Amino acid sequence: MNVAGRGDPLTFERCVEVANARLLRVPGKLAFRTALQMLWRLGIVAIPPDAAPYMTGEYIMNTDRLQKFLGTNYEDVIRYTIAEAFADCFKAAVPVAAEQTAETS
């Protein structure tokens, strides 16, 4: 199941900022799709070329039905906002050894 987090949607610009990434603009959707296909074939990106329309358009997931279905349990089930979940993807992982050392100290 593909479900969005709570809260407002993130702009593409905000996603680039949170990811501490560099935005490269290409001249048009065809050029973008071609570049994405090439990078996909070379194994450089994990984004399939079929996702190009979602990256070049403006799609927002409507969670109204999910909120209604979950009712008062919505925030217990969907614990994180979209911004929190996205930012979590880019946090530095703490090595297991460092975690164990911190726990025993």
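The values are calculated or read from the model by the stated rules, or taken from the named source; none is laboratory data. Keep in mind it's a predicted model, so treat the numbers as computed, not measured. For neighbour counting, all protein chains shown are included, and Cβ atoms are generated from backbone atoms with ideal geometry for every residue, glycine included. With ligands, DNA and RNA removed, areas are computed over all heavy atoms of the protein, side chains included. Shrake-Rupley method; radii C 1.70, N 1.55, O 1.52, S 1.80 Å.
The table that follows gives values for the structure above.
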| item | result |
| --- | --- |
| Given (1) of a type in the set (S, T, N, Q); (2) without any contact (Cβ under 8 Å) to a residue 12 or more places away in the chain; (3) within 19 Å of Val18 (Cβ to Cβ), index of the condition Asn73 fails | (3) |
| Some residue of segment 85-94 being within 13 Å of Arg6 (Cα to Cα), at pLDDT 90 or above and either out of contact with any helix residue (DSSP H, G or I) (no Cβ under 8 Å at 6 or more places or on another chain) or of a type in the set (Lys, Arg) (or both) | no |
| Segment 23-41: number of residues that are open to solvent by less than 60 Å² (accessible area, probe 1.4 Å) and under 15 Å from Pro53 (Cα atoms) | 6 |
| Matching residues in segment 44-66 - criterion: being more than 28 Å from Arg6 (Cβ to Cβ) and open to solvent by less than 60 Å² (accessible area, probe 1.4 Å) | Val45, Pro49 |
| Some residue of segment 69-76 being outside any helix (DSSP H, G or I), of a type in the set (S, T, N, Q) and modelled with pLDDT of 90 or more | no |
| Subset tally (residues that are hydroxyl-bearing (Ser, Thr, Tyr) and surrounded by 10 or more Cβ atoms within 10 Å (Cβ to Cβ)) for segment 67-77 | 1 |
| Pair list, Cβ under 9 Å, 6 or more apart: segment 24-52 residue assigned to a loop (DSSP other than H, G, I, E, B), other residue open to solvent by less than 100 Å² (accessible area, probe 1.4 Å) and among the β-branched types (Val, Ile, Thr) | Val26/Thr34 |
| Any chance Glu13 is surrounded by 10 or more Cβ atoms within 10 Å (Cβ to Cβ) and charged (D, E, K, R) | no |
| Condition met for Asp50 (within 18 Å of the chain's Cα centre (by Cα) and among the acidic types (Asp, Glu)) | yes |
